[in-house]
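J.: This is the structure I want to talk about, given as C-alpha cells.
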Amino acid sequence: MTSASRAVHRAGRRHTHLSTVLTGLKEDSGLTFHELAARTTVSASALKRAAGLHALAPEHVVTAFVRACGADTDQAQEALKLWRAARAEQRGILATLHAPAVTAIRTLADLTAALAAAYERAGAPALRVLQERAATDDTDGALLLPLTSAWRITRREGRPTTWTQCAAFLRGCGIHPRRLPAWQDAWTRAQPPTQTLTPIRRSSHAADPNIMWVDRKVHLNMATESNWIVSLSHEDRTGLPGEQRTLTRVFDSLAPAERHTVLSAGLTRLLTTRARRNGTAPDTIFDTTAVDDDGTLHLIQAKHYGDTTPPAPVPAALLQAQPA
C-alpha cells in the first residue's frame, strides 16, 4: 500500500469531499500554490497540505485558500461548511452527544447537549475565536462570554448563567440571528421552576459559650487556626477543629427556615465567587445579602484573619439598641 493510499484511507468522507472542492477551485483559478500564497499570508506548503488528505487544515488556511482562488461567496460558504463538517467528523464528539433538536429541548441536560453540539458543528473553534465572534457592536466578547465559561459549556460541565451569555455563545458558534428566538424559547423551557421561600421566623437558640445572639446577628469566637473548613456533617465530630465544631453547633441551633437561609447565602457566596473568577460580576465589596421577614436588607461581608486573639465583646449599648 502506497503512502497516498494510506492517506486516503485515514481521511473521512467529508474531508475527502473538501479536498476535492479545494482542488477544483485551484484548477479553475489556473494558479500554482506559490502564486496562491502570494495572495495570502499563508505559505505555499500550507496551502498544498490544505488541498491534500494527510491532515485537515485549520479554518483560517481554508479561508485563505478559497479567497486566493477567487471563489465567490457561495463557493466560499460551501467550502467552510465542508470544513466544519470534516472537523466534526475528525473529532468524533458530535455523534456521542445525542443532542435533541432545538424545538425538542425540554431540560437543562437537553440544553447543555444542544449547546455542545452547536460548538462541534461550528468546527470546535478555539475559545478565543469563539469569544471574538460572540461580541456585539456595543459589548466586547470577553465581557459577554468569559473563556472559563465557554470552556465549561463546550465540555458540558456548565451552562450559560443568563440568556445573554447563551446568545453570545451561540453567536460564537455561528448561529444566525434568525435562529436565536427559537433558542431563547428553548432556554426558557429548560429553566427549572422557581421556588417560593417561606419567611424567616424568630426562634429560640441553643445556648453555647462560643455563640452570642444579638437579635438576628451571630458573633462567633473562632480565633484558633489560620485555615479552616466548614463542615455540617452529622457524623463523628470529636476530631473536628474547634471552629468547625462551633459552626456545626451554630447550624444545629437554627430553625429549619433559618438553615435554609444560611445554605442559600453560602451557595450565593460560592456562585458569586465563581462569577468574579470568570469575570462576569464586579467586586461589590459585599459577599452576599439577606432580607428579613420585616423587609430589612442585610449586607454581609465575610472576613477571616490569622490573628488568634479572641474578638472583643459586643458593647452593652449595642445590645440595648437591638429590638426585642
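J.: In Å, what Rg and Dmax follow from the Cα atoms of the stretch 3-91?
T.: For the stretch 3-91, the Cα-based Rg and Dmax read 12.1, 35 Å.
J.: Further question on the same structure: How do 183-190, 117-124 rank on mean C-beta neighbours within 10 Å, highest first?
T.: Final packing ranking: 117-124, 183-190.
J.: From a point 7 Å beyond the Cα of GLU27 in the direction of its Cβ, which residues of the stretch 70-106 have a backbone N at a distance under 17 Å?
T.: The answer is 70-71, whose backbone nitrogens lie closer than 17 Å to the label point.
J.: Using +1 on the beta carbon of Lys and Arg, -1 on that of Asp and Glu, and nothing else charged, what's the dipole of the stretch 3-91 about the Cα centre, debye to 20?
T.: 480 debye
J.: Follow-up question, since we're still on this one. Please arrange LYS81, LYS48, LYS26 by counting, for each residue, the other beta carbons lying within 10 Å of its beta carbon, fewest first.
T.: Sorted ascending by nearby Cβ count, the order is LYS81, LYS48, LYS26.
J.: If I model a spin label as a point 7 Å beyond the Cα along the Cα-Cβ vector, how far apart are those points for GLN191 and THR136 in nm?
T.: According to this spin-label approximation, the distance is 1.7 nm.
J.: Between TRP163 and ASP252, what is the label-point separation in nm under the 7 Å Cα-to-beta-carbon projection?
T.: 4.7 nm
J.: By counting other Cβ atoms within 10 Å of each Cβ, how are ILE105, ILE93, ILE175 ranked from fewest to most?
T.: Going from least to most buried by this count: ILE93, ILE175, ILE105.
J.: How far is the Cα center of the stretch 117-164 from the Cα center of the stretch 24-50, in Å?
T.: 32 Å
J.: For ARG128 and LEU263, calculate 0.36 nm times their separation in residues minus their Cα-Cα distance, and state this gained length in nm to one decimal.
T.: Length gained, ARG128 through LEU263: 45.0 nm.
J.: In Å³ and rounded to a whole number, note down the convex hull volume per residue for the Cα atoms of the stretch 94-190.
T.: So the per-residue hull volume is 86 Å³.
J.: Provide the gained length on full extension for the span ALA38 to ARG67, in nm with one decimal, where the gain is 0.36 nm per separating residue minus the Cα-Cα distance. Intermediate values should be presented prior to the final figure.
T.: Details: separation 29, 0.36 × 29 = 10.44 nm, distance 1.18 nm.
That pair, ALA38 and ARG67, stretches by 9.3 nm at full extension.
J.: Report ³J(HN,Hα) in whole Hz for each residue of the stretch 130-141, in order, from the Karplus equation J = 6.51 cos²θ - 1.76 cosθ + 1.60 where θ = phi - 60°; Gly and Pro get x.
T.: So the J values, rounded to whole Hz, are 4, 5, 5, 6, 7, 5, 10, 5, 9, 10, 5, x.
Each reported figure results from applying straightforward, stated rules to the coordinates on display, with no laboratory input. Because the structure is predicted, anything quoted here is derived from the model rather than measured. So basically every Cβ, Gly included, is an ideal-geometry build from the backbone, and we count neighbours across all protein chains shown.
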